[in-house]
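Asks: The structure under discussion is supplied below as structure tokens; questions concerning it will follow.
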Ligand code: ADP
Ligand code: ZN
Ligand code: ZN
């Protein structure tokens with residue numbers, strides 16, 4: 001029997017820490033990992049904590065206090081769960097505590113923290129003191145689900161009025177969005193479709209496989225991948241096991257949940273993502289733990305929800321970079337964590353995409369877990385795709401941006417009463433502001449990137465740090481007044497289209513247009529219902545839309561995505577173009593896709609035009625091998641940043657030197673290559689100069705152990721910040 005319990009606490013000012021407490025005799029038979037307990041903590045008195053481990057030994061100088069009480073005998077997580085978190089900490093070279101803090105909603109057990117979170121939330125939204133007074137009211141709303149809320153709302157109009165007058169209604173509205181499942185309580189249940197041709201083959205192939213290596217379904221857009229997932233889900237729950245289904249972002253996860261609810265009823269389903277309310281999170285967590293949930297849908301953080309007895313994990317649109325958390329630590333990739341999870345549960349892991357990640361495709365090919373679906377469901381034809389060479393079409397184009405062929409197609413489509421998507425992957429009005437006399441580009445004072453003109457509030461804005469400034473009256477370099485907004489963003493295209501087609505309903509969707517959290521879903525719904533003729537937007541519109549009435553997609557500057565100096569730029573550009581082209585022809589009508597470009601021969605554009613993933617892959621993989629980029633190496637990226645450029649550079653040189661010395665000492669220079677330091681592409685962000693060191697790791701998890709050891713040895717001056725990113729999604 002263990003003497004001590006290791007408990008996790010969350011203390012103001014101290015953060016998340018673990019401490020040892022003595023286990024009283026009477027608790028010994030019942031205490032378990034994952035239980036919430038109450039412990040005495042200095043001047044704070046009794047606080048809540050979680051049991052995360054046991055030991056028989058304490059250093060002699062430490063005298064442990066007793067655990068006061070077990071708050072709930074039912075544990076909230078298991079030992080296996082902690083093992084998964086431990087793996088994440090090791091792989092991503094960060095503290096276990098950081099991972100725990102991210103994964104386990106400590107606030108759940110802490111009443112005070114709950115109110116605090118709410119206050120924080122209101123403060124963030126710019127509420128006044130008077131609004132804080134309605135905290136109690138809001139607290140009430142936090143605890144009810146939608147149906148109850150509606151009942152409640154009807155009976156307490158006065159309450160709503162009061163909230164409204166205090167400007168708090170937005171928060172309550174957000175609350176509806178945060179409890180999205182209740183929205184679907186009215187969906188009608190449907191039977192699963194019988195799978196057809198390719199679908200059936202893929203399904204049977206997957207059933208035969210006995211592996212928990214990732215299985216990849218590469219299926220063109222609308223090939224019916226989702227229906228295959230559904231059949232596999234049904235089999236899994238029929239066999240008594242549970243399913244985890246990930247989508248890349250909250251809006252898609254909500255859409256997916258709705259579709260799942262239709263097929264499987266809402267009782268066994270739950271949704272999990274970073275925006276669900278604390279109350280909802282608590283409820284779902286409890287249900288998961290009681291094994292009452294059979295299908296959990298969610299965004300990347302759902303990979304850490306304590307779903308039990310998993311038989312199947314599905315990751316849809318697996319190529320999306322949103323599966324990787326870039327900040328804060330742990331900078332995990334949900335796909336990789338899911339791989340570990342599948343291993344722990346001996347579950348099947350299925351990745352699906354029309355444009356798989358190069359690494360996923362490469363791995364699936366090699367491990368013979370690749371399944372292809374080359375045709376659309378019902379053999380619906382893929383859209384016809386045309387490349388408009390702007391070198392020749394620019395002259396005649398409207399304001400030099402909207403080519404004649406695109407204008408004609410828009411006109412023809414509108415006449416048929418069909419709908420249009422226009423992609424322009426830059427938000428704002430223009431893309432940079434330049435002096436036409438000396439060439440100076442106006443940059444953010446904090447970041448070495450151009451400021452971007454926003455017509456809505458008539459200001460220049462930095463897309464990194466959000467700093468704004470008014471339009472300079474003269475060039476800061478030469479004093480001339482020839483400053484000009486160049487390049488094209490969503491706002492400019494929206495304006496031009498409204499000039500060209502004044503009588504139709506044109507709506508823009510990008511992160512600036514989404515003032516409210518649920519706006520995105522609202523706009524997409526209204527587009528789906530045919531209330532919007534032309535939807536203009538950033539890559540947000542390339543995903544998930546399944547509207548049979550869309551028969552034209554226009555891409556304003558198809559090369560924009562290829563121009564970033566990053567090894568994944570071609571891949572990202574290809575994916576975006578292919579995905580957006582896939583929005584067309586999902587119903588009985590076929591459609592057209594027009595790519596406007598100044599670089600018509602670029603391979604990624606050509607293969608996107610032909611919707612030929614394989615050919616893109618075959619070209620891209622050669623370049624990756626030649627430059628030893630993933631999948632031929634794994635990268636661990638160090639970023640050192642500091643307000644002082646010289647100090648940032650010096651620190652990064654020192655780190656590189658010490659890394660190299662340690663690599664030599666361990667005799668692993670063949671397997672662990674240290675590159676740099678070099679200045680980052682974004683050399684200054686938020687006032688911090690940035691230098692990077694890239695470690696190419698060819699020794700798998702041993703490389704991670706090595707880096708973790710290294711990190712424990714170094715101490716950096718206070719003004720230098722070190723970020724370690726394992727498998728970074730870009731190296732900008
Ligand atoms: P994907 O996930 O590959 O983009 P979906 O599964 O969403 O494709 O399928 C595209 C459309 O075709 C959907 O509206 C879906 O309901 C329909 N569909 C797919 N397979 C079948 C089937 N076997 N029977 C009837 N409809 C199907
Ligand atoms: Zn100038
Ligand atoms: Zn900035």
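The values are calculated or read from the model by the stated rules, or taken from the named source; none is laboratory data. Model, not experiment: these values are computed from the prediction. Quick reminder, even Gly has a Cβ in these numbers, built from the backbone with ideal geometry, and neighbours come from all protein chains shown.
Asks: Would it be correct to say that residue 201 is more than 16 Å from ligand 1 (Cβ to nearest atom), over 26 Å from residue 268 (Cα atoms) and either in a loop (DSSP other than H, G, I, E, B) or outside the structural domain of residue 586 (by TED's automatic domain parsing) (or both)?
Replies: no
Asks: Which numbered condition trips up residue 466, out of (1) within 15 Å of ligand 3 (Cβ to nearest atom); (2) surrounded by 13 or more Cβ atoms within 10 Å (Cβ to Cβ)?
Replies: Among (1) within 15 Å of ligand 3 (Cβ to nearest atom); (2) surrounded by 13 or more Cβ atoms within 10 Å (Cβ to Cβ), the lone unmet condition for residue 466 is (2).
Asks: How many residues does segment 679-696 hold that are closer than 14 Å to residue 645 by Cβ, more than 13 Å from ligand 3 (Cβ to nearest atom) and surrounded by fewer than 18 Cβ atoms within 10 Å (Cβ to Cβ)?
Replies: Residues that pass the stated criteria total 1.
Asks: Need the failing condition index for residue 471 against (1) away from ligand 3 (no atom under 16 Å from the Cβ); (2) within 26 Å of the chain's Cα centre (by Cα); (3) loosely packed, with under 14 Cβ neighbours inside 10 Å, just the number.
Replies: Tallying (1) away from ligand 3 (no atom under 16 Å from the Cβ); (2) within 26 Å of the chain's Cα centre (by Cα); (3) loosely packed, with under 14 Cβ neighbours inside 10 Å, residue 471 fails exactly one: (2).
Asks: Now a separate question. Going by the conditions given, is residue 40 in contact with a helix residue (DSSP H, G or I) (Cβ under 6 Å, 6 or more places away or on another chain) and either at pLDDT 85 or above or not assigned by TED's automatic domain parsing to the domain that holds residue 274 (or both)? Can you show your working first?
Replies: Details: in contact with a helix residue (DSSP H, G or I) (Cβ under 6 Å, 6 or more places away or on another chain): no; either at pLDDT 85 or above or not assigned by TED's automatic domain parsing to the domain that holds residue 274 (or both): yes.
Criteria not met by residue 40.
Asks: Do you know which residues across segment 653-679 are more than 12 Å from residue 699 (Cβ to Cβ) and not in a helix (DSSP H, G or I)?
Replies: 674, 675, 676, 677, 678, 679
Asks: Scanning for something touching a helix residue (DSSP H, G or I) at 6+ places or on another chain (Cβ under 6 Å) and modelled with pLDDT of 95 or more, does segment 642-658 turn up at least one residue?
Replies: Keep residues of segment 642-658 that are touching a helix residue (DSSP H, G or I) at 6+ places or on another chain (Cβ under 6 Å), which gives 642.
Cutting the leftovers down to modelled with pLDDT of 95 or more gives us 642.
Yes: segment 642-658 contains one or more residues that are touching a helix residue (DSSP H, G or I) at 6+ places or on another chain (Cβ under 6 Å) and modelled with pLDDT of 95 or more.
Asks: Could I ask something else about it? Name the single residue that is surrounded by the most Cβ atoms within 10 Å (Cβ to Cβ) among those in segment 183-202 being farther than 24 Å from residue 293 by Cα and in contact with a helix residue (DSSP H, G or I) (Cβ under 6 Å, 6 or more places away or on another chain).
Replies: So, considering only residues that are farther than 24 Å from residue 293 by Cα and in contact with a helix residue (DSSP H, G or I) (Cβ under 6 Å, 6 or more places away or on another chain), the one surrounded by the most Cβ atoms within 10 Å (Cβ to Cβ) is 202.
Asks: Looking only at segment 454-507, count every residue that is in contact with a strand residue (DSSP E or B) (Cβ under 8 Å, 6 or more places away or on another chain), over 26 Å from residue 413 (Cβ atoms) and free of Cβ contacts under 8 Å to residues at least 60 places away in the same chain and tell me the total.
Replies: Residues flagged as in contact with a strand residue (DSSP E or B) (Cβ under 8 Å, 6 or more places away or on another chain), over 26 Å from residue 413 (Cβ atoms) and free of Cβ contacts under 8 Å to residues at least 60 places away in the same chain within segment 454-507 amount to 23.
Asks: Which condition breaks for residue 419 when tested against (1) surrounded by 22 or more Cβ atoms within 10 Å (Cβ to Cβ); (2) outside the structural domain of residue 551 (by TED's automatic domain parsing); (3) touching a residue at least 24 places away in the same chain (Cβ under 8 Å)?
Replies: Every listed condition holds for residue 419 apart from (2).
Asks: Moving on to the next point. Answer with yes or no whether residue 222 is at positive phi, more than 16 Å from ligand 3 (Cβ to nearest atom) and either touching a helix residue (DSSP H, G or I) at 6+ places or on another chain (Cβ under 9 Å) or in a helix (DSSP H, G or I) (or both). Walk me through how you get there before you give the answer.
Replies: Numbers: at positive phi: yes; more than 16 Å from ligand 3 (Cβ to nearest atom): yes; either touching a helix residue (DSSP H, G or I) at 6+ places or on another chain (Cβ under 9 Å) or in a helix (DSSP H, G or I) (or both): yes.
For residue 222, the condition - at positive phi, more than 16 Å from ligand 3 (Cβ to nearest atom) and either touching a helix residue (DSSP H, G or I) at 6+ places or on another chain (Cβ under 9 Å) or in a helix (DSSP H, G or I) (or both) - is met.
Asks: Oh, and also: Can you pull out the strands (runs of 3 or more DSSP E) entirely within segment 451-554 that have at least 1 residues that are within 29 Å of residue 581 (Cα to Cα) and within 16 Å of ligand 2 (Cβ to nearest atom)?
Replies: On the way: elements: 452-454, 459-461, 483-486, 506-509, 534-537.
Once the strands (runs of 3 or more DSSP E) in segment 451-554 are filtered for at least 1 residues that are within 29 Å of residue 581 (Cα to Cα) and within 16 Å of ligand 2 (Cβ to nearest atom), what remains is 483-486.
Asks: Give segment 423-448 a look and list any residue that's touching a strand residue (DSSP E or B) at 6+ places or on another chain (Cβ under 6 Å) and either assigned to a loop (DSSP other than H, G, I, E, B) or within 16 Å of ligand 1 (Cβ to nearest atom) (or both), or say none.
Replies: Across segment 423-448, the qualifying residues are 428, 429, 430, 436, 442, 447, 448.
For (1) away from ligand 1 (no atom under 16 Å from the Cβ); (2) in contact (Cβ under 8 Å) with a residue 40 or more places away in the chain; (3) within 30 Å of residue 281 (Cα to Cα); (4) under 21 Å from the mean Cα position of the chain (by Cα), each residue gets a yes or a no:
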site	(1), (2), (3), (4)
197	no, yes, no, no
209	yes, yes, no, no
227	no, yes, yes, no
232	no, yes, yes, no
237	yes, yes, yes, no
262	no, yes, yes, no
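Asks: What tally of residues in segment 373-409 results from selecting those that are modelled with pLDDT of 95 or more, surrounded by fewer than 17 Cβ atoms within 10 Å (Cβ to Cβ) and within 32 Å of the chain's Cα centre (by Cα)?
Replies: Total satisfying the criteria: 1.
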